[in-house]
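The values are calculated or read from the model by the stated rules, or taken from the named source; none is laboratory data. Because the structure is predicted, anything quoted here is derived from the model rather than measured. Here Cβ is always computed from backbone atoms with ideal geometry, including for glycine, and neighbour counts include all displayed protein chains.
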Amino acid sequence: MKVRHKIVSLFIPRLVREITAWAKSFADGDFSKRISLGARDEMEELADSLNSMSRQIQSRMEESIADKSRLEAVFLSMFDGVMVIDHKGAIILINQALRKFLSVEQETAGRKPLEVIRNMEIQAMAENILALKSRFESREITVSFPEEKILLVHATPVARDNRVDGADLVFHDITELRRLERVRREFVANVSHELRTPAATIRGYAETLLEGALEDKQHAGEFVRIIHDDARRLAKLVNDLLDLSRIESGKMKLALEECALGSVIDGVLTAMDKEARRNSVTLRKEVPPGLAKVRIDEAAIAQVLLNLVENAVKYNNAGGSVTVGARETPRFLEVSVADTGIGIPREDLPRIFERFYRVDKARSRELGGTGLGLSIVKHIVQAHRGEVMVESELGKGSTFRFTLPLAS
Ligand code: ADP
């Protein structure tokens, strides 16, 4: 007994050193270290349970590190912006998407949302959630920096042990969605307006005729002519709208064929001959002989040329001219329609290809325009993988050009 006691007491300082070293590495975050004993003893039980504890802690730590990095990966790669704040309203973290939405460059940890995003509504949402004023808040917010954006923000509390420990704010960018909704609303409003005007005129004059003007030989002919013109305008508008919607919805299948553009130009110039004469405008064709063939949908490109030549005649002056030309480059054919007409103001140039955009609404209507001709031109050319360009000088004239792929 005495001898045994002696061995144990000799052994204890080494054991204490072992345990101390183990505890130190444990405190430093190294959970892999194990206690090793030189001799078997009852102290072995203590060492075993400490070792098993450290093994368990090590495996839990590894699991939690893996969970954390998985969460971080999801969080970083999310398309929506995310901000997490603590129970005092200070930011714990924000993800990359939110930094990009709002061009946040500075360090955010520990700051209030308002210091990072200069927006009172976002700050108010965070405060309401933390003060338990609401369980969930959702608002549409417009921010103007770095560019105008519409964000749908959802705020929810982070609860732990039945108390609010912080809040999550998720930011969804709906700028494009709202823009498309606005474009659609404007389009519907424009179409209704354009249809209403000729429809009202037709009805008005028809009623006047029915109410007795038919007997008034002097005016009846004039009224019928107005009805006829507006009925034509309505039909053209409906046709243009149908063309445009067919092209835009991708339903128009191009029937691509190798074709010589010269004959397409001839067809269009012949079709426009009467109209040009009526306006005292000369039509010219300047196409070099032996022009390479193009791969196009002939009817669609004839429509493009017709719309351009029609405009060039319409927005021209008596005695003016329209020249349709073509030239070959190594990769494509460039077609031009140049006129000596009224020209287009510089500030309107970027918008004339938009649906219903007209420099002078009254003049366009008077000339039977729908404001859709150039949008149709742009869509058809783009469907052929070409481009449309315009140059113009007010009072001197305009030149529209478009490119077409060469037949290989
Ligand atoms: P519209 O039916 O009004 O002619 P378009 O889409 O064809 O519609 O053209 C849009 C607008 O662009 C026209 O209303 C007109 O103001 C301007 N425009 C188009 N072509 C010419 C041109 N050759 N010369 C002057 N202005 C033009």
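Okay, here's what the table says:
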item: Residue among V337, V359 that alone is near the ligand (Cβ under 8 Å from one of its atoms), crowded, with 20+ Cβ neighbours inside 10 Å and among the β-branched types (V, I, T); result: V337
item: Breaking point among (1) within 9 Å of the ligand (Cβ to nearest atom); (2) surrounded by fewer than 21 Cβ atoms within 10 Å (Cβ to Cβ), for G397; result: (2)
item: Some residue of the stretch 387-394 being touching a strand residue (DSSP E or B) at 6+ places or on another chain (Cβ under 6 Å), more than 21 Å from F187 (Cβ to Cβ) and away from the ligand (no atom under 12 Å from the Cβ); result: yes
item: Qualifying position, being of a type outside the set (D, E, K, R) and farther than 25 Å from R277 by Cβ, among L394, L374, L308; result: L394
item: Filter result for L283 (closer than 17 Å to V268 by Cβ, within 15 Å of the ligand (Cβ to nearest atom) and not in a strand (DSSP E or B)); result: no
item: Filter result (farther than 24 Å from E393 by Cα and buried (at least 22 other Cβ atoms within 10 Å of the Cβ)) within the stretch 274-329; result: V294, I296, I301
item: Test result for A312, modelled with pLDDT of 95 or more and away from the ligand (no atom under 12 Å from the Cβ); result: no
item: Residue among L180, L151 that alone is within 24 Å of S77 (Cα to Cα) and at pLDDT below 95; result: L151
item: Of all residues in the stretch 16-30 being aliphatic (A, V, I, L, M) and closer than 13 Å to N51 by Cβ, the one that is farthest from the chain's Cα centre (by Cα); result: I19
item: Positions within the stretch 168-184 being in contact with a strand residue (DSSP E or B) (Cβ under 6 Å, 6 or more places away or on another chain) and aliphatic (A, V, I, L, M), in sequence order; result: L169, V170, I174
item: Which numbered condition E115 fails, given (1) in contact (Cβ under 8 Å) with a residue 40 or more places away in the chain; (2) within 21 Å of T156 (Cα to Cα); result: (1)
item: Some residue of the stretch 365-382 being more than 11 Å from the ligand (Cβ to nearest atom) and touching a strand residue (DSSP E or B) at 6+ places or on another chain (Cβ under 6 Å); result: yes
item: Filter result for the condition that a residue is in contact with a Ser or Thr (Cβ under 7 Å, 6 or more places away or on another chain) and aliphatic (A, V, I, L, M), over V268, V294, V281; result: V281
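For every residue, the table says whether it meets (1) of a type in the set (D, E, K, R); (2) in contact with a helix residue (DSSP H, G or I) (Cβ under 9 Å, 6 or more places away or on another chain); (3) under 21 Å from D229 (Cα atoms); (4) at pLDDT 95 or above.
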position	(1), (2), (3), (4)
N307	no, yes, yes, yes
G320	no, yes, no, yes
R331	yes, no, no, no
R355	yes, yes, no, no
E366	yes, no, yes, no
